[in-house]
Amino acid sequence: MENKMEKRYGLGTACAMVIGTVIGSGVFIKGGKVLSLTKGNLLQGIAVVGIVGLICLICSLVFAELGSRYEKVSGVVDYAEVALGPKFAYGVGWFMFTIYTPALCAMLAFFSAMMFLQLFGIPAIDFATGSVNPTAIGVGTGFLMIGYGINILSPKLAGKLQVSMTVIKLIPLILMGIVGTIVGLANGSTASVLNFVNTEAYLADPCTGADFFKAIVGFAFAYEGWILATSMNSEIKDGKKNLPKALVIGAVVATVVYALYIFAMSIVGDVDTIIATWPFGEVLPRIAFSKIFGNVIGTVVYVFITISCLGVLNGLSMAHVRSLYALSARGMGPKPKFFGQLDEQTNFPIKAAVISMCVGGFWYAWTVMMWMGGPGLFPTVHTCEWLAWEPDEIGIIALYVMYIPMMIGLMIKAKDANLFTRFILPILGLACCVFFAYAIWNGYGPKQCIGFLIFFAVVEIIGFLLNKMKD
């Protein structure tokens with residue numbers, strides 16, 4: 001049997017993968033965080049959405065060009081190999097397998113649990129004591145196992161779920177974006193929020209540069225996931241045409257929907273209420289929806305929001321269960337022949353996928369115990385800046401830094417491309433990546449950044465040592 005993945009997904013699924021992975025819990029969780037960090041300055045909040053959206057769009061255009069040129073096993077790893085060779089490709093692929101994607105999966109599993117428990121009025125975290133509700137940990141664990149389990153046992157079903165969940169998650173966003181904006185403008189709530197920047201309360205404690213950069217880094221999570229669609233490159237029908245289309249369509253749709261949604265949050269009318277949703281902002285959507293549609297319908301819509309979070313988890317799991325296989329298919333990583341085997345019945349790398357699920361479990365434990373503080377177990381670790389970096393956000397920016405050689409590689413090797421495609425677009429992409437790195441250094445400080453880099457270096461060293469373990 002040929003050890004090659006089946007071409008099972010069309011343009012619709014590819015678009016659903018991009019939109020479904022990008023749009024989800026990020027805007028519901030990070031939207032409140034952005035408005036809190038900008039101290040209630042709605043226009044600055046919209047600016048954050050626009051800046052991150054522009055960065056996402058520019059980088060999507062660069063990778064759309066790369067996707068139209070190279071199609072092997074797993075997009076971003078393919079592009080890394082073209083840029084700097086197999087060693088750099090392995091480093092990128094190992095990072096995505098061990099840190100980037102599983103950390104996002106872990107965070108999404110907990111966020112899904114957080115949203116789900118909000119339906120029953122159960123808080124996931126007690127911010128007064130800094131402890132995590134064990135019930136939330138248990139529910140999140142269940143969601144994580146279901147997300148990986150569906151993708152391992154039935155990849156085609158996972159693809160169909162991604163399409164349906166993408167449609168479901170757009171309902172509350174579009175509904176709030178349109179209805180919330182109209183009602184907010186009509187009843188004066190939006191004007192009240194916009195005018196907050198002229199009040200003594202805001203002038204006494206305005207949004208600082210560090211706050212603004214933190215908001216940008218934080219909202220990067222809301223856009224992230226588009227690059228993971230490239231992990232399905234070898235499974236997309238006519239991938240050289242459909243993958244670029246999906247990347248661009250996804251970036252544009254996400255930016256428009258997000259901007260409308262954040263603006264519509266002004267329907268709350270009370271800036272203090274918005275700021276009080278810090279740090280996750282998971283209660284802000286329920287407050288806003290209930291204000292317009294009433295408690296009953298607001299709760300029903302919140303069910304849609306919970307499903308949208310699970311949709312993102314499904315999309316991330318869909319990418320992660322393929323990441324070790326992408327390395328094994330190149331003869332890289334530990335025991336590549338063993339982990340590169342495809343199951344005869346499903347034509348899917350089940351062995352590699354099970355290991356991915358185990359790595360996701362590690363990051364889930366890290367997220368709830370180390371970063372969030374755990375159920376009263378690790379408060380000291382949580383306050384240590386060298387370890388207190390948020391794994392999803394800092395991992396996202398680290399990947400953007402890794403894009404830099406790929407963009408330089410496009411400028412060097414795309415000799416047949418026009419001036420815009422070969423030079424102007426990649427240079428803009430480089431500027432976006434450098435800006436993100438600057439934003440996280442200034443927003444979160446050197447201790448967290450250096451602490452993560454040390455962790456990153458250790459993981460990469462382990463990866464290159466394991467790369468010598470052959471079958």
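Helices of the chain meeting both criteria, an alpha-carbon length of 20 angstrom or more along the long axis and an average Kyte-Doolittle score not below -0.5, with helices taken as full DSSP H segments, are 42-69, 101-118, 134-153, 155-175, 209-223, 239-264, 284-320, 350-365, 391-413, 425-444, 446-466. Sorting 411-419, 302-310 by average packing, meaning the other beta carbons within 10 Å per residue, from highest down gives 302-310, 411-419. When shorter helices are ignored and each DSSP H run of at least 4 residues is given -39500 (n - 2.57), the per-residue value for the chain at 222 nm works out to -23000 deg cm²/dmol. Within the chain, the longest segment free of exposed loop sites, counting GluC sites (Glu not before Pro) that fall outside DSSP classes H, G, I, E and B and have at most 11 other Cβ atoms within 10 Å, spans 3-343. One chain, two ends: residue 290 and residue 204. Fully extended at 0.36 nm per residue, the span grows by 27.9 nm beyond their Cα-Cα distance. A simple spin-label model places the labels of residue 453 and residue 69 2.9 nm from each other, with each point 7 Å out along Cα-to-Cβ.
The residues neighbouring residue 368, those whose beta-carbon lies less than 14 Å from its own, together hold a net charge of -3 under the Lys/Arg +1, Asp/Glu -1 convention. A protection proxy built from the mean count of other Cβ atoms within 10 Å ranks the segments 260-268, 180-188, 36-44, most packed first, as 260-268, 36-44, 180-188.
The relative contact order of the range 319-432 comes to 14 percent, based on Cα pairs under 8 Å that sit 6 or more residues apart. For the chain, the solvent-accessible area of protein heavy atoms averages 37 Å² per residue (probe radius 1.4 Å; ligands and nucleic acids excluded). Taking every protein chain into account, the 1.4 Å probe leaves residue 35 with about 10 Å² of accessible area, to the nearest ten.
A straight chain from residue 164 to residue 126 at 0.36 nm per residue would run longer than the Cα-Cα distance by 10.3 nm. Ligands, DNA and RNA left out, the accessible area of the range 242-335 computed with a 1.4 Å probe is 71% carbon and sulfur. Expressed as a fraction of 2.2 N^0.38 Å, the C-alpha radius of gyration for the chain is 0.94.
The values are calculated or read from the model by the stated rules, or taken from the named source; none is laboratory data. Because the structure is predicted, anything quoted here is derived from the model rather than measured. Using ideal geometry, Cβ is built from the backbone for each residue, glycine included, and neighbour counts are taken over all protein chains shown. Note: areas computed on protein heavy atoms with side chains; ligands, DNA, RNA excluded. Shrake-Rupley method; radii C 1.70, N 1.55, O 1.52, S 1.80 Å.
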